[in-house]
Amino acid sequence: MSKLLPVVLAAVTVIITSTNQPRATFAGTCASKCGPRPIEFTPGQSLRLEVVNKTRGIVKLEKLQGTEPIPLRPEQELQFFQGDEIQPNISLVFWDEGGLPLQAVISKRDFATLRVELRPGIRNPGDRALHMLSDGRINVY
């Protein structure tokens, strides 16, 4: 009996500790759990950028530094084109005339159209700029 006691104690210890440990999970691909893919376009592709004001106030847009801001009334839409050799990237700065924060909601309408809806934001300072890079990536700041 004295020789059997250490074996029984070891078996009970293994059983108790294995039931208290969380179950092991195996790593897998995130194909179904990664979230939405970032919006991208084919590098060098000509693109149309649609900007829509979904706020109740006037939003101002400035395409290039040093140009006059373009006022965008509520529900008004404006289009820009990208892809020429002179300006392969588009940088767009925007702000609410009343100083309210904005949220830029971007979507890919089709293979060559990016839609940006400027909506009322929740946190200050909110989104302020959009940059379409020549490598196909879209950044919102």
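The values are calculated or read from the model by the stated rules, or taken from the named source; none is laboratory data. What you are looking at is a predicted structure, and each value in this text was computed from that prediction instead of being measured. A quick note on method: Cβ atoms are made from the backbone with ideal geometry, for glycine too, and the neighbour counts reach across all protein chains shown. What goes into the accessible areas is simple: the full protein's heavy atoms, side chains included, and nothing from ligands, DNA or RNA. Shrake-Rupley method; radii C 1.70, N 1.55, O 1.52, S 1.80 Å.
Within the range 128-137, is there a residue that is over 19 Å from Pro43 (Cβ atoms) and within 20 Å of the chain's Cα centre (by Cα)? Break it down into steps so the answer makes sense when it comes.
At the first step, the residues of the range 128-137 found to be over 19 Å from Pro43 (Cβ atoms) are 128-129.
Remaining after also requiring within 20 Å of the chain's Cα centre (by Cα): 128-129.
Yes, the range 128-137 has at least one match.
In the range 42-57, which residue that is open to solvent by 60 Å² or more (accessible area, probe 1.4 Å) and in contact with a strand residue (DSSP E or B) (Cβ under 6 Å, 6 or more places away or on another chain) is modelled with the lowest pLDDT? Walk me through how you get there before you give the answer.
Restricting attention to the range 42-57, the residues satisfying the condition of being open to solvent by 60 Å² or more (accessible area, probe 1.4 Å) are 42-44, 46, 48, 54, 56.
Filter once more, so that each one left must be in contact with a strand residue (DSSP E or B) (Cβ under 6 Å, 6 or more places away or on another chain): 48, 54.
Numbers: Arg48: 85, Lys54: 96.
Out of the qualifying residues, it is Arg48.
Kindly indicate the residue of the range 110-121 that is in contact with a strand residue (DSSP E or B) (Cβ under 7 Å, 6 or more places away or on another chain) and at pLDDT below 90 and also surrounded by the most Cβ atoms within 10 Å (Cβ to Cβ) among those meeting that condition.
Checking each candidate, the answer is Leu114.
For (1) open to solvent by less than 70 Å² (accessible area, probe 1.4 Å); (2) within 25 Å of Leu133 (Cβ to Cβ); (3) modelled with pLDDT under 85, each residue gets a yes or a no:
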site: Thr29; (1), (2), (3): no, no, yes
site: Pro69; (1), (2), (3): yes, yes, no
site: Glu75; (1), (2), (3): no, no, no
site: Gln87; (1), (2), (3): yes, yes, yes
site: Trp95; (1), (2), (3): no, yes, no
